[in-house]
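Enquirer: Here you go, one structure.
The values are calculated or read from the model by the stated rules, or taken from the named source; none is laboratory data. Here the structure is a predicted model, which means the values were calculated and not measured. Cβ placement follows ideal geometry from the backbone for every residue including glycine, while neighbour counts extend to all protein chains displayed.
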Amino acid sequence: MHVLLQALDLVLSWQVIAALLLGSIGGVIIGAIPGVGPAVAIAVLLPATFSLDPLVGLTLLLGIYGSSMYGGSLPAILINTPGTAVNALTTYDGYPMTQRGEALRALGLAYGASFFGAILSIVLLILLSPVLAKIAPMFGSREIFLAALLGITLVIVAHKGQVAAAGMLAGLGILLNSVGMEPVNFTMRFTFGLNWLTSGLDLIVVVLGLFAISQAFLLMVEPNASPKMDGIKGKMSSAICEVFRYKRVAATGGGFGVLMGMIPGVGEFTAQFFSYTAARRASKDPDLFGNGSPEGLVASESANNAVPAAALIPLLALGIPGEALTAMMLSVFYVHNVVPGPALFQGQLHFVYALYIALLLLNLIVIVFMLGSSNLLIRLIKVPTRFLGMGILILSFVGVYSLRNSSIDCLIAAGFGVFGLILKRLNLPIVPIILGMVLGSIMEVKLRASMAQINGPLDFVNRPISGLLATAIVVIVVVSAHSSIRERLQQKHEKQAPAEAQ
Amino acid sequence: MKRVLSFLAMFRRERRPGDLVFAVAFLVVAVLAAAALPSQARFLGNKEFVSEPGFWPLIGVGMMLLFGGFHLMTTLNAPRLPGRLKEVLLWGRSLEYVAWFAVYVFAVPYLGYLPGTVVFAVVLSARLGFRSRLELGLAALFAVAVVLVFKTGLGVKLPGGAIYQYLPHSLRSTFMVNF
């Protein structure tokens, strides 16, 4: 109780409240504009938060992360264009509902389900925190190394159908992280004698290039588009309350969101997949799924909005980010010398609770904002895409240049911008590069530290958690390889069958 | 049901024009990185292999080669899609905006953040086809808002401008600090 009061004291400062308001409302607007998304906004704002208090900076970024999906459902439902990538599934049932003249109902259900999933996730996390505080100290160097290795493995295998691409890009991330002067023996790695590479490639420069500048280039090279939407009429509050008719679906979705969010490298898409499949199986009207099913909409939105709070668990408890947005947040911790990991849960549990309370408040702010802002958002998001590209490029300059006042950093970011554009055009994943850089750095430090404590390879797995993590890695690799081979054989068999029939 | 099946397809890789060009280029980079490894990362020989400075670059390059090879193989096996040249030319078109960005980056320390950003926003908007007075005005307004929020408001470290030294003494420091 004392810890909770300390946390409340931290949250109830005007700076944190201002960051909450700015982050949550800004996040909704950013999420509603197709082509921007939370990753771009967080990447751009990241350096600006370095001058703020850690809780204020993190609250601002969390606000954007946690609220963007609310906004992203608006264009997904009204014009069949997801505002953020994770709202893609929302189009499957949301847009057909709009075509049936049920736009208000669809929006209300989406907002209500998002709120339900998020609150469920936060409450579960607050209840789980004392348990996590007990488990976290059991993670030493070798456990954190293995957890990071598990994260990399999951990032690769979770990209179903793109495993090879995810693997090679994660490898590139590990290589990029190693560029510059190595801090233990002071030898140079992949600097090619260039002085400006001695300090290495800054993660934020790469993040801004791959996410923000690439998006700016993409919007500017593609033909201009300006979303056209009709206004909404009716009472949003009753539409939102309708979610309680589907509380079982929303609770299951939220549960999947929490579970998948906690596992590094998995995230929203898998949570949505499980939630949607489970809802369809349990539904009395499964054929409506994909054609405007309210249950499908609730399943998808409750699952994706439960992920942000859960994604904080590996970040706060172990210092291991599970996806790109929490990887960016990790740099805010580092800049302020707040080291996420077991020590944070032991020594600064009030800080952890303060983040959860901030998440809770931001969801309340967003749901109140959404009650009357849909028509305002519709007007705001009619920005032509090429104009938006110009805006993102100007904002990216702020992010990159302010880091070290370096023009070279800007050019490096622009180079990564072109690389990111190619990856986006080819539908290849960017996240493995970022996680390769972040987890590569953690693995290098922790493996080196572990080596001082062990005598042989088996010592690595002779503790319960390290043994469990190592087993999980082996099982995931074997199961993933087995299912890939089985899928290939099945595809081959399906191709051969018609040929033999002829 | 059809829609649910196509939802499942979202989790599978879709081939795109230009795939092969990228897969080959990536593997070439991986091979070059592997060739550069002995000269660009050191193995000191006096510690465990995993603690060597060259160990993690080796892992990174190894993954790039192994998975890059697989990626190339799967790309070669996939049916070829038309539009490769058009796609590569589109990638090339982004270089124009790299040039615009580079000019902006190098101009700001001379012009100052506020004038540099306003000029960049207006000129780039015109280049992108937004040429009416209203559109150019909105671009300038956006630039001013960005400067006011980030430099004046949040105090983010952004360059003043060599041009500010020609301002009257009373204005010079205000402009240096805020704009």
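Enquirer: Mind listing whichever residues of the range A:86-124 are in a helix (DSSP H, G or I) and out of contact with any helix residue (DSSP H, G or I) (no Cβ under 7 Å at 6 or more places or on another chain)?
Expert: A:P96, A:Q99, A:V123 - these are the residues of the range A:86-124 that are in a helix (DSSP H, G or I) and out of contact with any helix residue (DSSP H, G or I) (no Cβ under 7 Å at 6 or more places or on another chain).
Enquirer: Test A:L218 against the criterion of being touching a residue at least 12 places away in the same chain (Cβ under 8 Å), under 30 Å from B:R42 (Cβ atoms) and buried (at least 18 other Cβ atoms within 10 Å of the Cβ), and give yes or no.
Expert: no
For (1) in a helix (DSSP H, G or I); (2) surrounded by 21 or more Cβ atoms within 10 Å (Cβ to Cβ); (3) out of contact with any Cys (no Cβ under 6 Å at 6 or more places or on another chain), each residue gets a yes or a no:
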residue	(1), (2), (3)
A:P223	no, no, yes
A:Y276	yes, yes, yes
A:R281	yes, no, yes
A:V298	yes, yes, yes
A:P321	no, yes, yes
A:M329	yes, yes, yes
A:Y334	yes, no, yes
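Enquirer: Do we find a residue being surrounded by 21 or more Cβ atoms within 10 Å (Cβ to Cβ) and at pLDDT 90 or above anywhere in the range A:31-41?
Expert: No, because not a single residue in the range A:31-41 is surrounded by 21 or more Cβ atoms within 10 Å (Cβ to Cβ) and at pLDDT 90 or above.
Enquirer: Inspect all residues belonging to the range A:57-76 and state whether any of them is without any contact (Cβ under 8 Å) to a residue 40 or more places away in the chain and either more than 14 Å from chain B (Cβ to nearest Cβ) or touching a Pro at 6+ places or on another chain (Cβ under 6 Å) (or both).
Expert: Yes, because at least one residue in the range A:57-76 is without any contact (Cβ under 8 Å) to a residue 40 or more places away in the chain and either more than 14 Å from chain B (Cβ to nearest Cβ) or touching a Pro at 6+ places or on another chain (Cβ under 6 Å) (or both).
Enquirer: So is B:S51 within 10 Å of chain A (Cβ to nearest Cβ) and within 21 Å of the chain's Cα centre (by Cα) or not?
Expert: No; evaluated as a whole, the condition is false for this residue.
Enquirer: Only one of A:T270, A:T252 is of a type in the set (V, I, T) and touching a residue at least 60 places away in the same chain (Cβ under 8 Å); which?
Expert: A:T270
Enquirer: Turning to a different aspect of this structure: Which condition breaks for A:I204 when tested against (1) at the interface with chain B (Cβ under 8 Å from one of its Cβ atoms); (2) buried (at least 21 other Cβ atoms within 10 Å of the Cβ)?
Expert: Of everything listed in (1) at the interface with chain B (Cβ under 8 Å from one of its Cβ atoms); (2) buried (at least 21 other Cβ atoms within 10 Å of the Cβ), A:I204 misses just condition (1).
Enquirer: For the range A:262-319, what are the residues that are of a type in the set (S, T, N, Q) and out of contact with any Pro (no Cβ under 8 Å at 6 or more places or on another chain)?
Expert: If the condition is that a residue be of a type in the set (S, T, N, Q) and out of contact with any Pro (no Cβ under 8 Å at 6 or more places or on another chain), then A:T270, A:Q272, A:S275, A:T277, A:S283, A:S293, A:S300, A:S302, A:N304, A:N305 are the ones that fit.
Enquirer: In contact (Cβ under 8 Å) with a residue 12 or more places away in the chain and buried (at least 21 other Cβ atoms within 10 Å of the Cβ): which single residue out of A:S480, A:S441, A:S402, A:S484 fits that description?
Expert: Result of the check over A:S480, A:S441, A:S402, A:S484: A:S402.
Enquirer: Restricting the search to the range A:420-473, which residues are within 13 Å of chain B (Cβ to nearest Cβ) and either on the phi > 0 side of the Ramachandran plot or not in a helix (DSSP H, G or I) (or both)?
Expert: Of everything in the range A:420-473, those that are within 13 Å of chain B (Cβ to nearest Cβ) and either on the phi > 0 side of the Ramachandran plot or not in a helix (DSSP H, G or I) (or both) turn out to be A:L426, A:N427, A:L428, A:P429, A:A452, A:Q453, A:I454, A:N455, A:G456.
Enquirer: Please tell me if A:M451 is free of Cβ contacts under 8 Å to residues at least 40 places away in the same chain, among the hydrophobic types (A, V, I, L, M, F, W, C) and surrounded by 12 or more Cβ atoms within 10 Å (Cβ to Cβ).
Expert: yes
Enquirer: So, one more: Any idea how many residues of the range A:99-122 are of a type in the set (S, T, N, Q), crowded, with 24+ Cβ neighbours inside 10 Å and more than 15 Å from A:E242 (Cβ to Cβ)?
Expert: Total meeting the criteria: 1.
Enquirer: Determine, yes or no, whether A:V352 is under 28 Å from A:V3 (Cβ atoms) and within 14 Å of another protein chain (Cβ to nearest Cβ).
Expert: Answer is no for this residue.
Listed here are the residues, each with its yes/no results for (1) surrounded by fewer than 23 Cβ atoms within 10 Å (Cβ to Cβ); (2) over 23 Å from the mean Cα position of the chain (by Cα).
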{"site": "A:A358", "(1), (2)": "no, no"}
{"site": "A:L362", "(1), (2)": "no, no"}
{"site": "A:I365", "(1), (2)": "yes, no"}
{"site": "A:V368", "(1), (2)": "yes, yes"}
{"site": "A:L371", "(1), (2)": "yes, yes"}
{"site": "A:R379", "(1), (2)": "yes, yes"}
{"site": "A:K382", "(1), (2)": "yes, yes"}
{"site": "A:T385", "(1), (2)": "yes, yes"}
{"site": "A:M390", "(1), (2)": "no, yes"}
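Enquirer: Further question: Out of curiosity, is A:K233 charged (D, E, K, R), surrounded by fewer than 24 Cβ atoms within 10 Å (Cβ to Cβ) and either within 25 Å of the chain's Cα centre (by Cα) or in a helix (DSSP H, G or I) (or both)?
Expert: In short, no.
Enquirer: Which one of these is farther than 18 Å from B:F67 by Cα and modelled with pLDDT under 85: A:L458, A:L447?
Expert: A:L458
Enquirer: While we're looking at this one, here's another question. If you check B:P57, B:P109, which single one turns out to be crowded, with 18+ Cβ neighbours inside 10 Å, within 22 Å of the chain's Cα centre (by Cα) and in a helix (DSSP H, G or I)?
Expert: That would be B:P109, the only listed residue that is crowded, with 18+ Cβ neighbours inside 10 Å, within 22 Å of the chain's Cα centre (by Cα) and in a helix (DSSP H, G or I).
Enquirer: Could you please give the count of residues in the range A:190-200 that are among the hydrophobic types (A, V, I, L, M, F, W, C), within 14 Å of another protein chain (Cβ to nearest Cβ) and surrounded by fewer than 21 Cβ atoms within 10 Å (Cβ to Cβ)?
Expert: Number satisfying all stated conditions: 3.
Enquirer: Looking at the range A:141-185 only, could you name the residues that are free of Cβ contacts under 8 Å to residues at least 12 places away in the same chain and within 9 Å of another protein chain (Cβ to nearest Cβ)?
Expert: Those that are free of Cβ contacts under 8 Å to residues at least 12 places away in the same chain and within 9 Å of another protein chain (Cβ to nearest Cβ): A:K160, A:G161, A:A164, A:M168, A:E182, A:N185.
Enquirer: Right, here's the next one. Kindly indicate whether A:A7 is in contact (Cβ under 8 Å) with a residue 60 or more places away in the chain and touching a Phe, Trp or Tyr at 6+ places or on another chain (Cβ under 6 Å).
Expert: For A:A7, the condition - in contact (Cβ under 8 Å) with a residue 60 or more places away in the chain and touching a Phe, Trp or Tyr at 6+ places or on another chain (Cβ under 6 Å) - is met.
Enquirer: Please work out if A:S226 is away from every other protein chain (no Cβ under 11 Å), over 24 Å from the mean Cα position of the chain (by Cα) and within 30 Å of B:E87 (Cα to Cα).
Expert: Criteria met by A:S226.
Enquirer: If you check B:A126, B:A78, B:A102, which single one turns out to be out of contact with any Phe, Trp or Tyr (no Cβ under 9 Å at 6 or more places or on another chain), facing chain A (nearest Cβ under 8 Å) and either aliphatic (A, V, I, L, M) or exposed (fewer than 13 other Cβ atoms within 10 Å of the Cβ) (or both)?
Expert: The unique qualifying residue is B:A102.
Enquirer: In addition: Considering only the range A:383-397, I want to know if a residue exists there that is in contact with a Ser or Thr (Cβ under 7 Å, 6 or more places away or on another chain) and among the basic types (K, R).
Expert: No.
Enquirer: Next question. Confirm whether B:V61 is within 8 Å of chain A (Cβ to nearest Cβ) and either of a type in the set (V, I, T) or touching a strand residue (DSSP E or B) at 6+ places or on another chain (Cβ under 6 Å) (or both).
Expert: yes
Enquirer: Taking A:A88 and the conditions (1) closer than 24 Å to A:G420 by Cα; (2) surrounded by 24 or more Cβ atoms within 10 Å (Cβ to Cβ); (3) small (G, A, S), which numbered condition does it fall short on, given that it satisfies the others?
Expert: For A:A88, the failing item is (2).
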